[in-house]
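The structure under discussion appears below in the form of structure tokens.
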Amino acid sequence: TQSAAKMVAAEGIRVNSIAPGIIHTEMWDEILMAMANGWKPGGRRDFSREELDALWKASVESTIPTKTAQTEEDIAWGTVFLASDYARQITGQTLAIDGGITMV
């Protein structure tokens, strides 16, 4: 991000990036199931939606300082900000939208 920003700064082009946090997807359900099964191949037990939701909530609360997972909307608002005139002097930066997880 910084190298690209430096290369095009003289042309008035800003380059920034976003480092998203944890967003609940189907992939996370699979990861949570594997974790709950001790990462043992073939030892999978299926979980109900309620159990998966409870695992997700516990994982978020124990991992993310704000105790809130990020959403697609959170990432979109960060993108809108970086693309706006409010960020006209911001270049070469990575915006972590992660509920503070990178502080841990």
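Only one of the numbered conditions (1) free of Cβ contacts under 8 Å to residues at least 12 places away in the same chain; (2) open to solvent by 60 Å² or more (accessible area, probe 1.4 Å); (3) not aromatic (Phe, Trp, Tyr) is violated by residue 84, and that is (2).
Considered as a group, the residues in region 1-51 that are open to solvent by less than 80 Å² (accessible area, probe 1.4 Å), among the β-branched types (Val, Ile, Thr) and assigned to a loop (DSSP other than H, G, I, E, B) include one that is farthest from residue 63 (Cα to Cα), and that residue is 15. Every condition in (1) under 15 Å from the mean Cα position of the chain (by Cα); (2) surrounded by 15 or more Cβ atoms within 10 Å (Cβ to Cβ); (3) within 30 Å of residue 7 (Cα to Cα) holds for residue 91 except the one numbered (1). Out of the residues in region 52-71 that are without any contact (Cβ under 8 Å) to a residue 40 or more places away in the chain and in a loop (DSSP other than H, G, I, E, B), which is least open to solvent (accessible area, probe 1.4 Å)? Taking the candidates together, the pick is 65. Within the bounds of region 26-49, is there any residue that is in contact (Cβ under 8 Å) with a residue 40 or more places away in the chain and within 16 Å of the chain's Cα centre (by Cα)? No, because not a single residue in region 26-49 is in contact (Cβ under 8 Å) with a residue 40 or more places away in the chain and within 16 Å of the chain's Cα centre (by Cα).
The values are calculated or read from the model by the stated rules, or taken from the named source; none is laboratory data. From a predicted model like this one, the values you see are computed outputs, not experimental measurements. With ideal geometry, Cβ positions are generated from the backbone for all residues, glycine too; neighbour counts draw on all protein chains shown. Areas reflect the complete protein model, heavy atoms only, side chains present, ligands, DNA and RNA absent. Shrake-Rupley method; radii C 1.70, N 1.55, O 1.52, S 1.80 Å.
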